[in-house]
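Reading through the structure tokens given below for one structure.
The values are calculated or read from the model by the stated rules, or taken from the named source; none is laboratory data. Remember, predicted model here, so these are calculated numbers, not experimental data. We place every Cβ from the backbone using ideal geometry, glycine too, and count neighbours over all the protein chains shown.
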Amino acid sequence: MWAQNPGQRDIASLIGMTKGQLGAIVRDKERYIRRDTIDINGKLRNLTVPTGKLRMVHERLKFQLNKIKQPPYLCSPRKGVGQRDNAEMHVAGHQLLKLDIRQFYPKTMQEDIWRWAHYSLGIMDDVAGLFAKLAAIDGRMPFGSPISPVLTSLVHRGMFDKVYAICGSHGLKMSLWVDDLTISGAEVPGGAVTDIRQAIRAGGFQTHKIEYLMTARPTEITGVPIAKGRVLAPHAIHRRIKEGYEALKVAASDTERSNIIDKLLSALGSYRYHLGSSTPEGRLAADRMQSLRQRRAKMTIVAETPQTLSSIQAVTFGAPDTLPWD
């Protein structure tokens, strides 16, 4: 569809509306916006969240944009690719470079969206204008919309392709998780870093949170630790498992034990996913999961009362360094 030089009616039909309905949404856009300020990891973020008809438009545009072929370095947004996959791309590297792109959404303006739609997709300027007006809020990429991750990655595809080419010329691997770049190799030379940061500056952005790391010791990539050529399980999962087994030892009823086992099965499943199902640790986790299921099958579960619910909700899994069977 995007390659067929669609008109405004075609765009409207693509998302199940008429041209007039889209025009009305653009005119009354303020009616469909919720603004909020929330704390994310200690930073206040100003959200502009589309609601109602505008939300529906953004969801449907996101669905269509996800059909565009994605580059090999893009891990998020990408269907079927998780944080573990992003980390696994770098297990063979000895040195890592991690950097963030500052103000990735707020500095992506409505004009940038229009330019991408008109020049990269090749659609007519009036259609690109309608598309940009529908996608942008307050003249920029909204922080809080489902369309923002995929559209921002597409708008700045040219910049990231240049960074990818620089990495390739130095024998380096690159992955992108929204606005977090990770680059790895036997060594990440200073010249490559200079060229990468210059390419990002040329794209209109600054980089920050720059870190050089060695994989001989555990280091995290998008929250997933790697070390010595393999992906490890995050410490939070270890804590959940240890505290789950501790809670199971003192549980007073089968109802409480059953609920604890459910949480343990979830934690063990996550542990197995990170370490790999075919590894010794993964097979051991599978054995423990099977043992827990068998134990739960023999339990007598009674109807929950306010007292049992309060005791179950008080159980929280959260602290250690090693698994309980290590």
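All but one of (1) at pLDDT below 95; (2) out of contact with any helix residue (DSSP H, G or I) (no Cβ under 9 Å at 6 or more places or on another chain) hold for S253; which doesn't?
Here S253 clears every test but (2).
Just checking, which of A252, A216, A233 is assigned to a loop (DSSP other than H, G, I, E, B), touching a Ser or Thr at 6+ places or on another chain (Cβ under 8 Å) and closer than 25 Å to L181 by Cβ?
A233
Where in region 130-205 are there helices (runs of 4 or more DSSP H), lying fully within it, with 3 or more residues that are in contact (Cβ under 8 Å) with a residue 40 or more places away in the chain and closer than 22 Å to I11 by Cα?
148-155
Checking L264 against (1) modelled with pLDDT of 95 or more; (2) loosely packed, with under 15 Cβ neighbours inside 10 Å, which test does it fail?
Among (1) modelled with pLDDT of 95 or more; (2) loosely packed, with under 15 Cβ neighbours inside 10 Å, L264 violates only (2).
Conditions (1) assigned to a strand (DSSP E or B); (2) surrounded by 17 or more Cβ atoms within 10 Å (Cβ to Cβ); (3) free of Cβ contacts under 8 Å to residues at least 12 places away in the same chain, marked per residue:
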site: E30; (1), (2), (3): no, no, yes
site: D39; (1), (2), (3): yes, no, yes
site: L47; (1), (2), (3): yes, no, no
site: L54; (1), (2), (3): no, yes, no
site: R60; (1), (2), (3): no, no, no
site: Q64; (1), (2), (3): no, no, no
site: G80; (1), (2), (3): no, no, yes
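Inside region 106-129, can you point out the residues that are surrounded by fewer than 20 Cβ atoms within 10 Å (Cβ to Cβ) and in a loop (DSSP other than H, G, I, E, B)?
Once the filter is applied, which keeps residues that are surrounded by fewer than 20 Cβ atoms within 10 Å (Cβ to Cβ) and in a loop (DSSP other than H, G, I, E, B), region 106-129 yields P106, K107, L121, G122, M124.
Just wondering, is there one or more residues in region 2-23 that are of a type in the set (F, W, Y) and assigned to a helix (DSSP H, G or I)?
Scanning region 2-23, I find at least one residue that is of a type in the set (F, W, Y) and assigned to a helix (DSSP H, G or I), so the answer is yes.
Taking region 267-305 as the search range and keeping residues that are out of contact with any helix residue (DSSP H, G or I) (no Cβ under 8 Å at 6 or more places or on another chain) and in a helix (DSSP H, G or I), which one is surrounded by the most Cβ atoms within 10 Å (Cβ to Cβ)?
Here the residue is L284.
Just to be sure, is S184 more than 25 Å from R45 (Cβ to Cβ), out of contact with any helix residue (DSSP H, G or I) (no Cβ under 7 Å at 6 or more places or on another chain) and surrounded by fewer than 17 Cβ atoms within 10 Å (Cβ to Cβ)?
Considered against the rule, which asks whether it is more than 25 Å from R45 (Cβ to Cβ), out of contact with any helix residue (DSSP H, G or I) (no Cβ under 7 Å at 6 or more places or on another chain) and surrounded by fewer than 17 Cβ atoms within 10 Å (Cβ to Cβ), S184 comes out as no.
From V49, V127, V91, which residue is within 22 Å of the chain's Cα centre (by Cα), more than 30 Å from V231 (Cβ to Cβ) and among the hydrophobic types (A, V, I, L, M, F, W, C)?
V49
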